[in-house]
Amino acid sequence: MNSAAEFAGLDCAALPPRPVHLAIGMFDGVHRGHRTVIEAAVTSARQAGGVAAVLTFFPHPSAIFRRDDCTQLILPAAAKRRVLETLGVEAIITEPFTPEFSQIPAEEFLPLLRAKLPRLAGIYVGENWRFGRGRRGDAALLVREGRAGGISVFTAARVSWDGKPISSTRIRSLLVKGDVAAANKLLGYAYFAEGVVKPGKRLGRQLGFPTLNLDWAPECRPALGVYAVEVRGIDGRDRRNAVANFGLRPTVEPGATEPRLEVHVLGDCPFGEGDALLVDWRQFLRPEVRFAGVEQLQAQIARDRDAAAAFFAR
């Protein structure tokens, strides 16, 4: 997998001097619906000897229009980049979504792209994508403007699952309920955490269940609880089945306010402090609860380990 070049905004003169095939969208989660847009850009770029690029935005527009109720992103920037790279994207352009940018008239958006990206050959968007001041711009406007400027415009139909359109909103709802199995079906890959193992209090080791403590703080938090997960090195090697707790640890740390991700590997563990890991979430096992004491917690952890092992043995 090649690393994608990253650009902080549309002033990206360092793009390779080839035709640019540009997928545009927020693409939070890079789910199955997003992939139809992005894969179309990648395919066209390869066929034409061009550059497959993505134009996305940060922060989420809700930070401008709904400051008291901002959308919590599914993936942080690094994780989003990782998924985009698996699709063959060569360049990722992240345009700052500022109040000034939000006020660009829809009719001026394509001329702006052409000025910033003179080799722009094609634009790829979802059929429901909106842009410009007041969200007045739509795919039909892009098609008309693109035709006049010699730029092809591809619009992808919405993708459905179980009879309902796939959306980032729908996936967020599943994650906050802990239904990672359903979320994974909509994403098209396993929801994952990415972080570095940091020192812990070694309580898990004292209880007979040593854990890897990951430095991970997502915006859109999955439900607190215990999950069957797979853990692997940042390079994808040394994959191991595991059981994870994402929670506040109320039995041993009453009053904690920030959840922590702790992973116990089933079997031998090749990982340790300082290792950069990816954790793929597979199945919700139970919600987090407070136990009367450490002995009850220890017995439940043993049951959680067995439940995770049974899940992977299916």
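The values are calculated or read from the model by the stated rules, or taken from the named source; none is laboratory data. Everything quoted here is computed from the prediction, not taken from an experiment. Cβ atoms come from the backbone with ideal geometry, glycine included; neighbour counts cover every protein chain shown.
Summary of computed values
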quantity	calculated
Complete set of residues in the stretch 255-267 that are farther than 16 Å from LEU285 by Cα and in contact (Cβ under 8 Å) with a residue 12 or more places away in the chain	GLU258, PRO259, ARG260, GLY267
Single condition LYS116 does not satisfy, out of (1) free of Cβ contacts under 8 Å to residues at least 60 places away in the same chain; (2) under 24 Å from ALA63 (Cβ atoms); (3) of a type outside the set (Asp, Glu)	(1)
Counted residues, the stretch 132-156 - those being closer than 23 Å to VAL54 by Cβ, without any contact (Cβ under 8 Å) to a residue 40 or more places away in the chain and among the hydrophobic types (A, V, I, L, M, F, W, C)	6
Qualifying residue in the stretch 150-166 (condition: in contact with a strand residue (DSSP E or B) (Cβ under 6 Å, 6 or more places away or on another chain), in the same structural domain as PHE291 (by TED's automatic domain parsing) and more than 27 Å from PRO59 (Cα to Cα))	no
Selection count where residues are assigned to a helix (DSSP H, G or I) and hydrophobic (A, V, I, L, M, F, W, C), scope the stretch 14-41	4
Selection count where residues are part of a helix (DSSP H, G or I) and within 26 Å of the chain's Cα centre (by Cα), scope the stretch 126-181	13
Single condition VAL89 does not satisfy, out of (1) at pLDDT 95 or above; (2) at positive phi	(2)
Condition met for LEU174 (closer than 18 Å to ILE74 by Cβ, of a type in the set (A, V, I, L, M, F, W, C) and in contact with a Gly (Cβ under 6 Å, 6 or more places away or on another chain))	no
All strands (runs of 3 or more DSSP E) inside the stretch 201-314 with 3 or more residues being more than 30 Å from ALA63 (Cβ to Cβ) and not hydrophobic (A, V, I, L, M, F, W, C)	225-233, 240-247, 276-287
